[in-house]
Amino acid sequence: MSVKSVLSPIQAPLRQGFDAAAHLLGFTEVRTDRDPALLTIRLGPPGEAALAVIDRRDGQHRTDRLDAGAEDLAERLAAIRGGRAGLRVRILVDPALCFVRSLDLPGAALPQMRAVLAQELEAATPFRADQVLSDWYVEGEDTAARSLRVRHVVLKRARLDPLLATLARAGLVAGQVAVGPAEDRTMPVDLLTGGHRTLPGLLRGAGTGNLLLMAGALLLLLGAFFGLRQHQEARLRTLDDAFVAARRAAGPPPPPAVQAGIAAILAERGPPLGRTWDALAAALPDTVSAQSLRLTGEGLDLTLTGPDPQAALAALGTIPGFGPPILREAAGTRIVVALPRTEARR
């Protein structure tokens, strides 16, 4: 199973989450459509069969015109690429090749604008969302009506897919797909990514301030998540205790035989074992170490190791819940001591 197949089902929710988070946190996307690219391929208006390849590598500015329908187009592009593997190419599409429309939509639709536009596109036009590449940007805002003027740019995949396949055969990587009549007159869109540039844009050029804000927001989200989990667990424990208490209060009292059994069990219950072991470790001097502990109905049987049995007996007399220690055996450094339980129960 490939990584792509695993991430594909969660890709759309992740993108929507980044978009909504960026909107709520007030982050602005970094506009990169007019940044100069090392290699740009321009698609002209309908009827123009030539591709303009603008090469700015090595400080040069050279423009080559290639026939888009030529059989050796991939080989020519590979020759332009030279020996540079993984070279990214920006594609510039003439607006005449696109379907461009302006819509007035509620401002509340901003975090989910891409999904809203995709649904509206299929409902109002013959286009289908899986057959086109699209992006959008806000042209203006009507604060009184709480609405946005949105420009939606749509391009058929059939116009771009052949070029993308040719670039792949030539060893080139398709980068941003911008729309405009010239490199310095492009729209703030990227058709290839569908506009999902929130996280890459922040990492690429948003500056230290936005990065710190994003890191702080992530820490706050993690803290809120773990705090909510702890609050839920505590609330569930409280509800469980209240439910058990209500059941006991509403129901009839246990029969006398059951009450006697519960009293006998509680009478045999000694101090908690973990607390006893901690108290034992804190009370013993450094020259004495505990080897084993056995819980009996009468108390505890301890096996210790140390040179001075009397020092061990004096230290064990301070263990809460037990009476004075009784020395059972002292052979060399091995000391066996019994701790009888007191009458006080906890």
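Per-residue counts of other Cβ atoms within 10 Å, averaged by peptide: what ranking do you get for 131-142, 99-110, highest first?
Details: 131-142: 16.8, 99-110: 14.2.
Ranking the peptides 131-142, 99-110 by packing returns 131-142, 99-110.
Run the numbers for Arg185 and Arg84: contour at 0.36 nm per residue of separation, minus the present Cα-Cα distance, in nm.
On the way: separation 101, 0.36 × 101 = 36.36 nm, distance 2.87 nm.
Using 0.36 nm per residue and subtracting the Cα-Cα distance, I get 33.5 nm.
With r defined as the distance between the Cβ atoms of Gln131 and Ala224 and R0 fixed at 41 Å, what FRET efficiency is calculated, to the nearest 0.05?
Numbers: r = 41 Å, r/R0 = 0.99.
According to the calculation, E is roughly 0.50.
Pulled fully out, how much extra length does the chain show between Gln119 and Lys156, if you take 0.36 nm times their separation in residues and subtract their Cα-Cα distance? Could you put the intermediate results ahead of the total?
Details: separation 37, 0.36 × 37 = 13.32 nm, distance 1.64 nm.
Going from the current span to full extension adds 11.7 nm.
Tell me the label-point distance for the pair Thr303, Ala68, using the 7 Å Cα-to-Cβ offset, in nm and rounded to one decimal.
With each label point 7 Å from Cα toward Cβ, the separation is 8.8 nm.
Find the relative contact order for the stretch 28-205 and round it to a whole percent, using C-alpha pairs within less than 8 Å whose residues are 6+ positions apart.
For the stretch 28-205, the relative contact order is 27 percent.
Using 1/(1 + (r/R0)^6) with R0 = 35 angstrom and r between the beta carbons of Leu110 and Glu75, what's the FRET efficiency to the nearest 0.05?
0.15
Using a Förster distance of 45 Å, how high is the FRET efficiency between Ala311 and Asp241, based on the Cβ-Cβ distance and rounded to 0.05?
Rounded to the nearest 0.05, the efficiency is 0.50.
With label points built 7 Å along Cα→Cβ from the Cα atoms of Val173 and Ala281, find their separation and express it in nm.
5.3 nm
Please sort 246-258, 167-179, 321-333 by packing, taking for each peptide the average over its residues of neighbouring beta carbons within 10 angstrom, highest first.
Order by mean packing, descending: 167-179, 321-333, 246-258.
No lab work stands behind these numbers, since they all come straight from the coordinates. This one's a predicted model, so the numbers in the text were calculated from it and none came from an experiment. Neighbour counts are summed over all protein chains in view; Cβ atoms, including those assigned to glycine, are modelled from backbone coordinates with ideal geometry.
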